[in-house]
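The values are calculated or read from the model by the stated rules, or taken from the named source; none is laboratory data. Every value quoted in this text rests on a predicted model; they were computed, and no experiment measured them. We place every Cβ from the backbone using ideal geometry, glycine too, and count neighbours over all the protein chains shown. Just so you know, the surface numbers come from the protein's heavy atoms only, side chains and all, with ligands and any DNA or RNA stripped out. Shrake-Rupley method; radii C 1.70, N 1.55, O 1.52, S 1.80 Å.
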Amino acid sequence: MTKPKVKNVRFRNDRLRLKLTDQCNLRCPFCHYEGARKTAPASPDDPLLGRTLRRLKNHYRIVWLTGGEPTLYENLPEMIGLIRDLGYEADMTSNGVFDLDRVGDSLARLGWLNISFHSLSPVYVRKLVPRGSDVGRTIDIIRANIAALKSRVPLAINAVVGREDEGQRIRDIHEYAREEQIPLKLVPDWRCVDEARRLILRFLREEKYRLGEVVHIHPGSNVRKVYFNGDRTYKVEFKDIVP
């Protein structure tokens, strides 16, 4: 049997990451806070921010909004408006736990939305929510928001993969994403990156995925490895961290 050829792509990083707020409604233990905690919220009226974005416009195409949880940021419509007015595409990573009636119009103006949805297992999700939260309702909110938004904005599901004994059940989130025909990205937990990498690769091998493309992002700290199922009707992206 002929081994499929793997396409190698070198991709120049065209994204700026803008942390909007530290505020978050989850407590994921693997959160890295964009490298800084207890920072002041960004402001669309900050002249330094405006000048910086104008200066960098010739070098970058996208401003990627992060947090904390960006949908909790009170000036979200104004910030997205500023970014778009300056000629950038506005993209975002969210945990999916938001009031769609409040932020839906803002999210529909995004070029791309990543939803960080790590498990369908209530046992696992209980570790990520504040004490006393209704775990089942949290999962239902994320699923409902994904269902409502997938026809309004391009989106993907990001799942941070941890240790094997944590009861995460990668297959469940994979089957959910595949049934919804939403791209899935598997990201190794930085706290146990070697074990998580082995777990991801074993899962892909057992599910009969084949490596089809390797995307090297420069400057950056990761390589995106794109795996396809047998008939290439679905793909899973493995974000491999390379310091």
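From the list Ser94, Ser106, the lone residue that is modelled with pLDDT of 95 or more, under 16 Å from the mean Cα position of the chain (by Cα) and of a type in the set (Gly, Ala, Ser) is Ser94.
Can you confirm whether the range 80-95 contains a residue that is in contact with an Asp or Glu (Cβ under 7 Å, 6 or more places away or on another chain) and among the aromatic types (Phe, Trp, Tyr)? Looking for residues that are in contact with an Asp or Glu (Cβ under 7 Å, 6 or more places away or on another chain) and among the aromatic types (Phe, Trp, Tyr), one finds none in the range 80-95, hence no. Suppose the filter is closer than 23 Å to Trp112 by Cα, aliphatic (A, V, I, L, M) and touching a residue at least 40 places away in the same chain (Cβ under 8 Å); does Val223 pass it? Criteria not met by Val223.
Look at the range 45-71: where a residue is among the basic types (Lys, Arg) and a partner is in a loop (DSSP other than H, G, I, E, B), sitting 6+ places away or on another chain with Cβ atoms under 9 Å, you get Arg54/Leu86; Lys57/Leu86; Lys57/Gly87; Lys57/Tyr88; Arg61/Asp14; Arg61/Gly87; Arg61/Tyr88.
Here the range 1-60 is the region considered, the condition is being of a type in the set (S, T, N, Q) and farther than 30 Å from Ile141 by Cβ, and the residue that is least open to solvent (accessible area, probe 1.4 Å) is Asn13. Among the candidates Val125, Val103, the residue that is open to solvent by less than 30 Å² (accessible area, probe 1.4 Å), touching a helix residue (DSSP H, G or I) at 6+ places or on another chain (Cβ under 6 Å), within 24 Å of Leu186 (Cα to Cα) and of a type in the set (A, V, I, L, M) is uniquely Val125. Filtered by the rule that a residue be modelled with pLDDT of 95 or more, of a type in the set (Gly, Ala, Ser) and in a loop (DSSP other than H, G, I, E, B), the range 111-132 gives Gly111, Ser119, Ser121.
Please work out if Ile142 is in a helix (DSSP H, G or I), within 24 Å of Arg15 (Cα to Cα) and either open to solvent by less than 10 Å² (accessible area, probe 1.4 Å) or in contact (Cβ under 8 Å) with a residue 40 or more places away in the chain (or both).
Working: in a helix (DSSP H, G or I): yes; within 24 Å of Arg15 (Cα to Cα): no; either open to solvent by less than 10 Å² (accessible area, probe 1.4 Å) or in contact (Cβ under 8 Å) with a residue 40 or more places away in the chain (or both): yes.
So Ile142 does not fit the description; no.
Screening Phe98 on (1) touching a residue at least 40 places away in the same chain (Cβ under 8 Å); (2) touching a Ser or Thr at 6+ places or on another chain (Cβ under 7 Å); (3) closer than 22 Å to Arg169 by Cα shows it passes everything except condition (3). When Leu110 is tested against (1) surrounded by fewer than 16 Cβ atoms within 10 Å (Cβ to Cβ); (2) touching a residue at least 40 places away in the same chain (Cβ under 8 Å); (3) of a type in the set (A, V, I, L, M, F, W, C), only condition (1) is not met. Apart from one condition, Ser119 fits all of (1) among the hydroxyl-bearing types (Ser, Thr, Tyr); (2) in contact (Cβ under 8 Å) with a residue 12 or more places away in the chain; (3) open to solvent by 30 Å² or more (accessible area, probe 1.4 Å); the exception is (3).
Filtering the range 153-204 to residues that are open to solvent by less than 20 Å² (accessible area, probe 1.4 Å) and in a loop (DSSP other than H, G, I, E, B) leaves Val153, Gly162, Gln168, Ile182, Asp189.
With respect to the stated conditions, Arg210 is farther than 20 Å from Asn114 by Cβ, touching a Gly at 6+ places or on another chain (Cβ under 9 Å) and open to solvent by 20 Å² or more (accessible area, probe 1.4 Å). Within the range 1-40, being among the polar types (S, T, N, Q), in contact (Cβ under 8 Å) with a residue 40 or more places away in the chain and farther than 28 Å from Val226 by Cβ holds for Thr21, Gln23, Asn25.
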